[in-house]
1. Quick one: grab the alpha carbon gyration tensor of region 188-232, order the square roots of its eigenvalues as a ≥ b ≥ c, and give me rounded if a/c is under 1.5, else prolate or oblate depending on whether a/b is larger than b/c.
2. What is the spin-label model distance, in nm, from residue 60 to residue 285 if the labels are put 7 Å beyond Cα along the C-beta direction?
3. Rounded if a/c is under 1.5, else prolate if a/b beats b/c, else oblate: with a ≥ b ≥ c from the C-alpha gyration tensor eigenvalues square-rooted, which is region 115-248?
4. Determine the relative contact order of region 94-235: mean sequence separation of Cα pairs under 8 Å and six or more apart, normalised by residue count, in whole percent.
5. Between residue 78 and residue 161, what FRET efficiency comes out of the Förster formula 1/(1 + (r/R0)^6) with R0 = 51 Å and r the beta carbon distance, rounded to 0.05?
6. How large is ³J(HN,Hα), in whole Hz, for each residue of region 164-181 in order, when computed from phi with the Karplus curve 6.51 cos²θ - 1.76 cosθ + 1.60 and θ = phi - 60°, using x for Gly and Pro?
7. What is the distance in Å between the Cα centroid of region 236-297 and that of region 105-170?
8. Where a ≥ b ≥ c are the square roots of the eigenvalues of the C-alpha gyration tensor, would you call the chain rounded, which needs a/c under 1.5, or, failing that, prolate if a/b is larger than b/c, or oblate?
Amino acid sequence: MTTAEPTSTQVIPTVDSAVPVQEPAPAAPAPPAPQTPQAPLAELEARDISCWFGDRLVLDRVSLTMPAGGITALIGPSGCGKSTFLRTLNRMHELVPSAKLSGEVLLDGEDIYAAEKKLTDARRDIGMVFQKPNPFPAMSIRDNVLAGLKLTGKRANRSEKDDLVEHCLKLGGLWNEVKDRLDAPGGGLSGGQQQRLCIARSMAIKPRVLLMDEPCSALDPTSTRVIEETMKYLAEEVTIVIVTHNMQQAARVSDQCAFFLASQGTPGVIVEHGDTVAMFQNPQDERTSDYVNGRFG
Ligand SMILES: Nc1ncnc2c1ncn2[C@@H]1O[C@H](COP(=O)(O)OP(=O)(O)OP(=O)(O)O)[C@@H](O)[C@H]1O
Ligand SMILES: [Mg+2]
C-alpha cells in the first residue's frame, strides 16, 4: 500500500466557551487504505458493574453503553474508578488478587464474563493502550507491531505481514516517520512515537474495541494532537473508550462522555452521560457542570 499522509486541519467541536479552543492540529496522518475485511463494528455495554478491592466497594452498579464505532470518553476526578471500570471491560480487573466484580459486559450482546467465554478471547477482542508507552524496547519496530499476532491464531506470509505492518503504522499515524527504519529497535523512538507504536501493535490483532487509559498523559502537546487525529481513523475500525483528565481532549475527540464521581468515601458512580457537546454545553447535573468547567477535580 502506498497511501500518502497529507496534512489536514482539525475540526474542533463547538463546546462551552469555558473549554478553550486550541491551536490547529499539527500535521496529521491520512486515513490508511482499507486492509483485510474488518469485523463489523461492535457495541460494548456494561450492565450494573460493581467492583471491590478486598472488602472495599469502589464502583457501584455502573451501567454504560459504548456505541459501535464511537469514541466514548470517561472523565472524572482522580480515584473515582475510571481505570477500574476500564479494566473490567477486558477482564483485567481480575488480575488483582483481591479484586471482585459483579455485573455483565456485553460485546455485541454476549457477556465476556459468561462461563463459556475465554479470558484470552476478551483480551484479543478488546485491546488496551496504557498511560505509559510499553513497546518491547529491543524488538524492531516491525516485530513490535506483529508481536501480538499469535494471539489471533492466524498464519500470515511475509507479504501479508508487510501489509499489516504498514496498515497498522498508518493507523497509528507513525508510518511516515518510521517506514525507512522498520528494523530499528522500538526503544529508540520518542515517547510519542512509542505510544503510536503501541496503538499500531494493538490494532494488528484486529480488536473490536480499543480501551485507552490516559494515553497522552505522558506526552507533549504535539504528540497528543497527532494521537487525537489518529483516533478518528481508528474509530472507523474499532469502538474506542478513552479515559482522560484533559477536558479539551474529551471535547475534541469523543462523541459521548461519562462523568464518574466518588464523593466522600462513597463508591464511584456515573453521575451523567451522553452526547459530549451536550454535556459540555448544557450539563444536566450541577456537579458535571462544575467538573467540566474546572471548578473541582
Ligand atoms: N490494585 C488496587 N488495590 C486496591 N485498591 C485499588 C487498586 N486499584 C485502585 N484501587 C482503588 O480503587 C479506587 C478507584 O481507583 P482507579 O484507579 O480506578 O481511579 P481513577 O479514576 O482511574 O483515578 P486516576 O484518575 O487517578 O487514575 C481508588 O480508591 C483506588 O485507591
Ligand atoms: Mg486511572
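1. Taking the square roots of the gyration eigenvalues as a ≥ b ≥ c, region 188-232 is prolate.
2. About 1.2 nm separates the two model spin labels.
3. In terms of gyration-tensor shape, oblate.
4. So the answer I get is 34 percent.
5. Plugging the Cβ-Cβ distance into 1/(1 + (r/R0)^6) gives 0.80.
6. Using θ = phi - 60°, the values come out as 5, 4, 5, 4, 6, 5, 5, 4, x, x, 10, 3, 4, 7, 10, 4, 8, 9 Hz.
7. Result: 28 Å between the Cα centres.
8. Taking the square roots of the gyration eigenvalues as a ≥ b ≥ c, the chain is oblate.
Every read-out reported here was derived from the displayed coordinates using simple, explicitly stated rules and does not represent laboratory data. Everything numeric here is computed off the predicted structure, so don't read it as measured data. Note that each Cβ is placed from the backbone with ideal geometry, even for glycine, and that neighbours are counted across all protein chains shown.
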